[in-house]
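Participant: Got a structure here, written out as structure tokens. Questions coming.
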Amino acid sequence: MSTRFLRCGREAVLVEVADLAAAMALYAALRDASLPGVVDLVPAARTVLIRLDPSVTSPALVRTLVSSVPVADGRPVDAGTVTIPVHYDGPDLADVAALVGVSAEEVVKMHTAGEWTVAFTGFAPGFGYLIGGDPRLSVPRRSSPRTRIPAGSVALAGPYSGVYPNESPGGWQLIGQTSLRIWDLDRDPPALLLPGVRVRFEAVN
């Protein structure tokens, strides 16, 4: 696996890899490795940010240690399972059905049939990018983003599904709504959808 290391000051190293699968595999390997002085790992679509304690280690030493960690392709982090109840009544459900070429009911079946996995988080605190669903649900973002999307909105964009943790602007296709709190400052950790968490969506009336 080809990698590129970018130093981010004294307290972080950014590791660039080829694709999302490589980033997830590297994140899983580094999490298991528990490298000395590493205080946090932040995966993204093609990178893993390694935050370190400069009183314990250094970017140069972290780079050397990371290069020696064996990485198993296709082995994501196992961080537990979450079931998300969804009212599939989103304003874009019919548009998604038209894009996919099936009925709205079939979109719901496709979205709930498989198990999704949080690949990484970003955009907003607690927003997880979920992968692994039916590939037919890979639909484009809306041509015109909304200025206000309610918290709990379940959405699709490209190969990802996601749940808006708080009210915010956004351009994903909204297919439903959940009452489950995705982001809660009174919970430890506040984010329900952390990298590696497996997600099943469940249709409710």
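The values are calculated or read from the model by the stated rules, or taken from the named source; none is laboratory data. Everything numeric in this text was worked out from a predicted model, so none of it was measured. In this analysis, Cβ positions are derived from the backbone assuming ideal geometry, glycine residues included, and neighbour counts consider all displayed protein chains.
Participant: Name the residue, out of PRO159, PRO135, PRO145, PRO195, that is exposed (fewer than 14 other Cβ atoms within 10 Å of the Cβ) and in contact with a strand residue (DSSP E or B) (Cβ under 9 Å, 6 or more places away or on another chain).
Facilitator: PRO145
Participant: Another question, then. Restricting attention to segment 57-67, does a residue exist that is in contact with a Pro (Cβ under 6 Å, 6 or more places away or on another chain) and surrounded by fewer than 12 Cβ atoms within 10 Å (Cβ to Cβ)?
Facilitator: no
Participant: Quick check on my filter: what residues within segment 92-103 are in contact with a Leu (Cβ under 8 Å, 6 or more places away or on another chain) and either hydroxyl-bearing (Ser, Thr, Tyr) or more than 16 Å from SER161 (Cβ to Cβ) (or both)?
Facilitator: Within segment 92-103, no residue meets the criteria.
Participant: Continuing with the same structure: So which residues in segment 117-163 are out of contact with any Gly (no Cβ under 9 Å at 6 or more places or on another chain), of a type in the set (Gly, Ala, Ser) and in contact (Cβ under 8 Å) with a residue 40 or more places away in the chain, if there are any at all?
Facilitator: Within segment 117-163, GLY126 is the sole residue that qualifies.
Participant: If I filter segment 72-86 for residues that are farther than 27 Å from ALA191 by Cα, crowded, with 16+ Cβ neighbours inside 10 Å and touching a Lys or Arg at 6+ places or on another chain (Cβ under 7 Å), do I get at least one hit?
Facilitator: Looking through segment 72-86, none of the residues is farther than 27 Å from ALA191 by Cα, crowded, with 16+ Cβ neighbours inside 10 Å and touching a Lys or Arg at 6+ places or on another chain (Cβ under 7 Å).
Participant: Residue pairs, Cβ under 7 Å, 6 or more apart or interchain, first in segment 4-16 and under 17 Å from SER67 (Cβ atoms) and free of Cβ contacts under 8 Å to residues at least 60 places away in the same chain, second among the polar types (S, T, N, Q) and outside any strand (DSSP E or B). List them.
Facilitator: Pairs found: VAL15/THR3; GLU16/THR3.
Participant: What number of residues within segment 104-144 are touching a Leu at 6+ places or on another chain (Cβ under 9 Å) and of a type in the set (Gly, Ala, Ser)?
Facilitator: The number of residues fulfilling the criteria is 6.
Participant: Let me confirm something: among ALA98, ALA119, which residue is small (Gly, Ala, Ser), in the same structural domain as LEU180 (by TED's automatic domain parsing) and out of contact with any helix residue (DSSP H, G or I) (no Cβ under 7 Å at 6 or more places or on another chain)?
Facilitator: Answer to the selection: ALA98.
Participant: Can you name every residue in segment 17-40 that is acidic (Asp, Glu) and touching a residue at least 12 places away in the same chain (Cβ under 8 Å)?
Facilitator: ASP19
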